[in-house]
1. Can you name the number of the only condition in (1) more than 9 Å from chain B (Cβ to nearest Cβ); (2) over 21 Å from the mean Cα position of the chain (by Cα) that A:Ser29 fails?
2. Scan the stretch B:206-226 and give yes if some residue there is within 14 Å of chain A (Cβ to nearest Cβ) and more than 21 Å from A:Arg104 (Cβ to Cβ), otherwise no.
3. Can you tell me how many residues within the stretch A:136-166 are within 19 Å of A:Arg253 (Cα to Cα) and without any contact (Cβ under 8 Å) to a residue 60 or more places away in the chain?
4. Which of (1) in the same structural domain as B:Pro175 (by TED's automatic domain parsing); (2) at pLDDT below 85 is the odd one out, the single condition B:Arg95 does not satisfy?
5. Could you check the stretch B:154-185 and list, in sequence order, the residues that are of a type in the set (D, E, K, R) and either surrounded by fewer than 24 Cβ atoms within 10 Å (Cβ to Cβ) or over 30 Å from B:Ser73 (Cα atoms) (or both)?
6. Tell me the residue from B:Val159, B:Val223, B:Val168, B:Val155 that is of a type in the set (A, V, I, L, M, F, W, C) and over 28 Å from A:Val199 (Cα atoms), please.
7. Given the criteria within 14 Å of chain B (Cβ to nearest Cβ) and surrounded by 19 or more Cβ atoms within 10 Å (Cβ to Cβ), does A:Ala193 qualify?
Amino acid sequence: MSDSACVPSAASTTPATVSTAIPAKTVSSRHSALVRVTHWITTLCFFALLISGIEIVISHPRFYWGETGNNLTPTLFKLPIPASRNLVPTGYGYVLPDQNGWSRYLHFQTAWVLLFTGLLYVIFGFVSGHFRKNLLPPGTDLSWPAFAAECSSHLRFKRPSEAEAWSYNLLQRISYLFVIFVLFPFVIWTGLAMSPAFVSAVPAAVNLLGGQQSARTLHFFVSLALVLFLLVHVVMIFVAGFWSRMRAMITGRAAEPRAGTTRTATTPAGTDMERP
Amino acid sequence: MSEPSSRDLSRRKLITTGIAAAAGVAGLGVAARLAQKHGLVPPDHGGLYGLGETLTYASQRLLTRHSFAREFSRSQISKPPFPNELGPLPDQFKRLQAGGFADWRLSIDGMVARPAAFSLDQLKSYPSRSQITMVQCEEGWSYIAEWIGVPLSHVLDAVGVLPQARYVVYFSIEPFWWESIDMADALHPQTFLAYGMNGDSLPVGNGGPLRLRVPRQLGYKSVKFITHMTVTDNLKGFGKGLGSASPEAGYSWYAGI
């Protein structure tokens, strides 16, 4: 009812997106329901892990390499911030409130939620062909000139073409695959390598990283890389058009490409999960 | 494709999702009962973070029941050993310290056949063991030391733990400092009543004269200045019933992470 009510106004004020106001056309999905749900669960988990992770680091903002490190040993580097424990020599004359308890509870519980969400997504990605069809760069794109052109258009914050609303560009594909198959597994590994019980069963998890403090330092750097990805990801969404990209990831709907663009006509509306 | 078919599809999807959700809830119920039966539910399983705690504890109990904490070479021992900050110790401790800890006692009661109190000399008369393991604080720092003592299992054998026992609760001379571990950790060969460190007696700064070492968990489970232990099958009667002082202060009971 509300849909039909908004057709006239949408059609009259925004002719460019007129097709989106016609229900039959907007049923088709830019992102499948599973991708959308796991995306937003991951987003929530990411912020919970980031905030609790920062709180955990504040109790000892010193980093080391090797097996051990404490206030009496040299550091690899220190964060120039005050600590939540008064024994840590930070150079600040005050101590922040201790938030470590709930931060740790939240961090580990969220890690579980993220692990299950990630497993669901990865299994779906392989079974449905999501990775192969949407994320693996097509052979034609894998050339240095194509890569260079993509980089240059990104660096100039060029608004992507309309067709890109229906598919990922080369840089997106590479960075998403890197996040999914390199950064997330590595952040889980380095996290587990800090667990005294886990490494009692799987000592190689920490030995391969060069020690428990090395694992902690690497965990910090992988987290930084993930935060960097998040920042670029959000900036790019603004460049591409915040509302259209948000709508696509929330409702699954995106503006139908005009005739002559890359959308495959044979895909039945309403049943296609992903653009081939 | 016409509209009705996609509506059918979504109805079918809805029914499938409903059945899956119902199966999931029923499955969780069965899993919860099985976990409770096999001792895979931690005492702080209630509340907002209970799910995460239970998943961690249950999965690690299945994975690590018999695994050994990493041991290190003598050259990896941290020099100097790191003594964490100590609160003001009670007068009772100072009196015992003045007497060279000759009157220090570890009493063990609860579900044991022969409750007893051990002096340090008695504990030292048992076969001593040593291990070079890491103390890892939840704050982020760590150190490696050689710990000398008697495995807790040896002392528990001496008092005769009853078969229904499930936890060992242990208390420090420091007021409000108490912890507990399950029998898998209590009987683990690396769980020590440590009275020595790096070839010497255990310094007060590191928990001397007697500290429990639980090297498969974070440092706060290795309580310093141990004076009393109770063997039990239920943690409900201790403090707020969350298993130890840590959950009461906002930290998880199981600290294997």
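1. Checking A:Ser29 against (1) more than 9 Å from chain B (Cβ to nearest Cβ); (2) over 21 Å from the mean Cα position of the chain (by Cα), the one that fails is (2).
2. So in the stretch B:206-226, the residues within 14 Å of chain A (Cβ to nearest Cβ) come out as B:206, B:213-222.
Restricting the remaining residues to those that are more than 21 Å from A:Arg104 (Cβ to Cβ) gives B:206, B:213.
Checked the stretch B:206-226: at least one residue is within 14 Å of chain A (Cβ to nearest Cβ) and more than 21 Å from A:Arg104 (Cβ to Cβ).
3. Keep residues of the stretch A:136-166 that are within 19 Å of A:Arg253 (Cα to Cα), which gives A:160-166.
Cutting the leftovers down to without any contact (Cβ under 8 Å) to a residue 60 or more places away in the chain gives us A:161.
Of the residues in the stretch A:136-166, 1 are within 19 Å of A:Arg253 (Cα to Cα) and without any contact (Cβ under 8 Å) to a residue 60 or more places away in the chain.
4. Status for B:Arg95: all satisfied but (2).
5. Of all residues in the stretch B:154-185, those of a type in the set (D, E, K, R) come to B:157, B:166, B:174, B:179, B:182, B:185.
Once the filter is applied, which keeps residues that are of a type in the set (D, E, K, R) and either surrounded by fewer than 24 Cβ atoms within 10 Å (Cβ to Cβ) or over 30 Å from B:Ser73 (Cα atoms) (or both), the stretch B:154-185 yields B:Asp157, B:Arg166, B:Glu174, B:Glu179, B:Asp182.
6. Just one listed residue meets the conditions, B:Val159.
7. Working: within 14 Å of chain B (Cβ to nearest Cβ): yes; surrounded by 19 or more Cβ atoms within 10 Å (Cβ to Cβ): yes.
Yes: the conditions hold for A:Ala193.
For (1) away from every other protein chain (no Cβ under 14 Å); (2) crowded, with 21+ Cβ neighbours inside 10 Å; (3) within 24 Å of A:Ser200 (Cα to Cα), each residue gets a yes or a no:
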residue: B:Ala102; (1), (2), (3): yes, no, no
residue: B:Arg105; (1), (2), (3): yes, no, no
residue: B:Asp109; (1), (2), (3): yes, no, no
residue: B:Ala113; (1), (2), (3): yes, no, no
residue: B:Ala116; (1), (2), (3): yes, no, no
residue: B:Thr133; (1), (2), (3): no, yes, yes
residue: B:Gly140; (1), (2), (3): no, yes, yes
residue: B:Tyr143; (1), (2), (3): no, yes, yes
residue: B:Leu152; (1), (2), (3): yes, yes, yes
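The values are calculated or read from the model by the stated rules, or taken from the named source; none is laboratory data. These numbers come from a predicted model, not from an experiment. Don't worry about glycine lacking a Cβ; one is built from the backbone with ideal geometry, like all the others, and counts go over all protein chains shown.
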